[in-house]
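Read the figures in this text as sums done on the coordinates, not as results from a lab. Being a predicted model, the structure only gives us computed values, none of them experimental. Cβ sites come from the backbone with ideal geometry, for glycine too, and all protein chains shown count toward neighbours.
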Amino acid sequence: MTFQEMVDSIEKLSPEDQDELFELIRKRRIEQRRSEILANARLAFKAVDEGTAKWGSFEEIKSYLLEDRDRLFDLIRQQRIERQEAETLVNYQELQQAIEDKTAKKSSVKDLIADLVEE
């Protein structure tokens, strides 16, 4: 059932049934949120027990988290660069083989040279 089909089905309910459904959904969302909060609290207590919890002011914790984010972004950038270099190498090797086989097209040679110059 698509989202729109669900909305259409709900609209066919009586106003009382719609209210009851909305209240049921609201209560379930509250319970889900409570479960999430409990799970987070358990993780926090476990981190404290294991000595891995981070302590500090809001600004210190924010700085720590942003530092981790920046390291992650740097790692992702490096992986992209390495992947691009590997793709270029594969393209170069394929083109080199095509030149040796005399099946290379001038446009592919020009494209490879343009790619190499851009890097």
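How many of the residues in the stretch 8-25 are exposed (fewer than 10 other Cβ atoms within 10 Å of the Cβ) and in a helix (DSSP H, G or I)?
Filtering the stretch 8-25 for residues exposed (fewer than 10 other Cβ atoms within 10 Å of the Cβ) gives 11-12, 14-16.
Narrowing further to those that are in a helix (DSSP H, G or I): 11-12, 15-16.
Residues meeting the conditions: 4.
Looking at the stretch 98-110, can you tell me whether even one residue there is among the acidic types (Asp, Glu) and surrounded by fewer than 10 Cβ atoms within 10 Å (Cβ to Cβ)? Break it down stepwise before answering.
Taking the stretch 98-110 as the starting set, the residues that turn out to be among the acidic types (Asp, Glu) are 100-101.
Narrowing further to those that are surrounded by fewer than 10 Cβ atoms within 10 Å (Cβ to Cβ): 100-101.
Yes - at least one qualifying residue is present in the stretch 98-110.
Out of the stretch 33-54, which residues are of a type in the set (Val, Ile, Thr) and either within 20 Å of ASP68 (Cα to Cα) or touching a strand residue (DSSP E or B) at 6+ places or on another chain (Cβ under 6 Å) (or both)? Spell out the reasoning first.
Taking the stretch 33-54 and keeping what is of a type in the set (Val, Ile, Thr), we get 37, 48, 52.
Hits for the stretch 33-54 are VAL48, THR52.
Can you tell me which residues in the stretch 38-67 are exposed (fewer than 10 other Cβ atoms within 10 Å of the Cβ) and either of a type in the set (Asp, Glu) or in contact with a Cys (Cβ under 6 Å, 6 or more places away or on another chain) (or both)? Quick ask: steps written out before the conclusion?
The first filter runs over the stretch 38-67 and keeps only residues exposed (fewer than 10 other Cβ atoms within 10 Å of the Cβ), leaving 49-52, 54-55, 57-59.
Once the filter is applied, which keeps residues that are exposed (fewer than 10 other Cβ atoms within 10 Å of the Cβ) and either of a type in the set (Asp, Glu) or in contact with a Cys (Cβ under 6 Å, 6 or more places away or on another chain) (or both), the stretch 38-67 yields ASP49, GLU50, GLU59.
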